[in-house]
Amino acid sequence: MKTSESIHNGKRLHPLTALLSSMGLIKEALIPVVVLLTTWFFRGEGTSGAGYWRIIVIAAIIVCMLGFGILSWLRYRYEVSDGQLKVEQGIWVTKRQFIPIERIQTIDLTEGLLHRIFRVTRVQVQTAGGNKPEVVFSAVTRKEAHHLREQLRAHKTDAQDAGIAESNSPEAGQGGNLEPTKPVVDAQKPMYKSSLGSLFIAGMSSGSMGLAIALVLALMSKVDEIFPHLKVFQMVVDLFEFAAIPLIVAAGLLIAWILGVCLSIIKFANFTIIRSGDELVISRGLLERRQVTLPLARIQAIRIVEDLLWQPFGFAAIHVESVGNGNDKGETTLLFPLLRRTEIERFLQQMAPSFTMQSSQAFEALPNKAWRSYVLPWTVIFAIVTGVTVWFTNWGWLGLVLGLGSALIGYRSFKDAGSMLTNDMLVLRMRRLALTTVRVPRNRIQSCRMERGPLERRWGLATIGISVASRLAGAQFELYGLPVSKCSAIMKWYRPNRK
C-alpha cells in the first residue's frame, strides 16, 4: 500500500545498512570491473597513462556507490503507528509504503557473519499473498528487531480481537462459513531441537550432496592447473591403470559426501522449532543464523521424506508445502531435519495438529497388475539402449546393470506405493529413491484430477494427481497404478456434492 503522506517521526536503520547497500551495488558491478581490468592488463594498457585513468574512473565509481549507500540509509525511515507499518525510502524518487498490520503474515530474522560482528539483525516482513518480502530492514539492532516484531504482533492481535468482537456482535449476522479464532498462547510452548548426531545423519543423505559434488568437480578440474608440476591425474593413471577412472570417481564422491555432511551441519546447526500460538518459529544456522515464522494457516501439505540411507534406522525428515514460504532457496520448507518414525505423530500433534492421523489406519496397496507401470518402462529403455551401444563400445554392457537396477527400484517403488483416504485427509505414498508420504487435508487441495494413458486403460488402472498452493507455481503430487474405482472414490470424496 502506497501513499503520499510523509513520515515525520520515523526511525533510521543501523548505520551498517549504508555499507551493506554499497556492497550490494559493488557486487553487481564486480564481474564487469574485473573483466575490464584483466583485459587492460593483458593488452598492456594497465601500466600506461590511459590505464591509470581507467583505474581512477573505476575507483570513482566505487566511491559513488559508497555515497549512494550512505544516501539511501539517510533517506530510509520507518515507524509503526495508526495500525500500520510505514516505510519511506528513495534518493531521487521517494517511495512510501503504508502496510496494514493485519495483512502482515510473517516477520523473519536473519543474521549473516557481518550482522553478527556488529550485533545487528536483518528483518523481512511478508504480507498475505506475497511471494517475496514486502519490506526488508537490512540492519537493525537485535533489541530493535525483537521490539519491532513484538510491536507488529501486538497490533495484529488487537486487530484480530476487534474482528472477533465484531463478528460475535448481534449485528454481525449469521451468514459466514468461516469463524475467526483467537490465537492460543500456550503456557509452555512446545519445542523440538535437533542434536548434532541427528544433523550428522541428516547430512549423510544424497540430498545434501548436490552443491558438494559441484564444488568437488570444479576443484578436480583445476587440480592440474593449480599444481602443474604434480600431474595428479597422470600419477593416478600410471599407478592404477584401468582402475584409475573408478578410483577417481569414488574419491570424488567420498570427498563430496564428507563436504556435504559438513555443509548440512553448518546450515542446520542449532535447528529449533517452537510453536507459539498459531505460528511456528524455526531457527537454525551456525555461520548465518535464520529465524523464520510460519503461520499454521499457511501450511497446505506435509511431506514425510525417508531417505534411502535413513530407512534401515527408522528416520525421516518433515517438510511442508506452504503459501508464501519456501521462496528463499527452499530453505523454509524444512519443518524438521530428522525424526524417528515413531516420533512423527507426536511431533505433528504438538506442531501441526490438523495433519495428524490415527496409528490404526493402514495404507491401501496398489493392485498386483500395477507392477508393470513401475518396472517395465525404464527397464525396456535400458535394454534397447544396451542392444544399440554394445556394438560400438565395451561399456555398452553397463546398460544391463542399469536396467537391472531400474527394475529393482521400480519393483520396490510399486511395493511401497499406496494411498489412504479419511474423512478430511488424503494421504499418498510414493518412492523414487526416497520414500515420500504426502498428507493433504481436503480443504487445502486446489485441484484433483484423474488421468489414464493408453497402457493404463489396457490394464484397468489410472493416475490420481492433486495440486496445492505453494510458492509461485504450486506443488503437484501424482500416484499412478491405482484402480479406476479408487481414483473415482477420491474424486467423489474431493467433490462430494457433484452429481
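Derivation of every value follows stated rules applied to the coordinates shown; laboratory data play no part. These figures come from a predicted structure and were not determined experimentally. Note: ideal-geometry Cβ built from the backbone for every residue, glycine included; neighbour counts use all protein chains shown.
As a proxy for reagent exposure, ranking Arg452, Arg149 by other Cβ atoms within 10 Å from fewest up yields Arg452, Arg149.
Report, in cubic angstrom per residue, the convex hull volume of the C-alpha atoms of segment 302-442.
Details: hull volume 21.4 nm³, N = 141.
Output value, Cα hull per residue: 152 Å³.
Assuming R0 = 25 Å, what is the FRET efficiency of Asp278 and Met491, from their Cβ-Cβ distance, to the nearest 0.05?
Values: r = 32 Å, r/R0 = 1.27.
My answer for the efficiency is 0.20.
Taking 7 Å steps out from each Cα toward its Cβ at Gln361 and Ile70 produces label points 6.3 nm apart. At an R0 of 56 angstrom, the distance between the Cβ atoms of Val401 and Ser81 translates into a FRET efficiency of 0.25. Sorted fewest first by neighbouring Cβ atoms within 10 angstrom, Thr110, Thr342 come out as Thr342, Thr110. In the structure displayed, which of Lys415/Lys486; Lys132/Lys486; Lys11/Lys189; Lys86/Lys189 lie more than 29 Å apart, Cα to Cα? From the list (Lys415/Lys486; Lys132/Lys486; Lys11/Lys189; Lys86/Lys189), the Cα-Cα distance tops 29 Å for Lys132/Lys486; Lys11/Lys189; Lys86/Lys189.
Could you list Cys487, Cys64, Cys448 so that the one with the fewest beta carbons within 10 Å of its beta carbon is first and the one with the most is last?
Neighbour counts put them in this order, fewest first: Cys64, Cys448, Cys487.
The distance separating the Cα centre of segment 81-117 from that of segment 332-403 comes to 43 Å.
Multiply the residue gap between Arg142 and Leu114 by 0.36 nm, knock off their C-alpha separation, and tell me the result in nm, one decimal place.
8.7 nm
Using the Cβ-Cβ distance between Ala383 and Phe200 with R0 set to 56 Å, the FRET efficiency works out to roughly 0.90.
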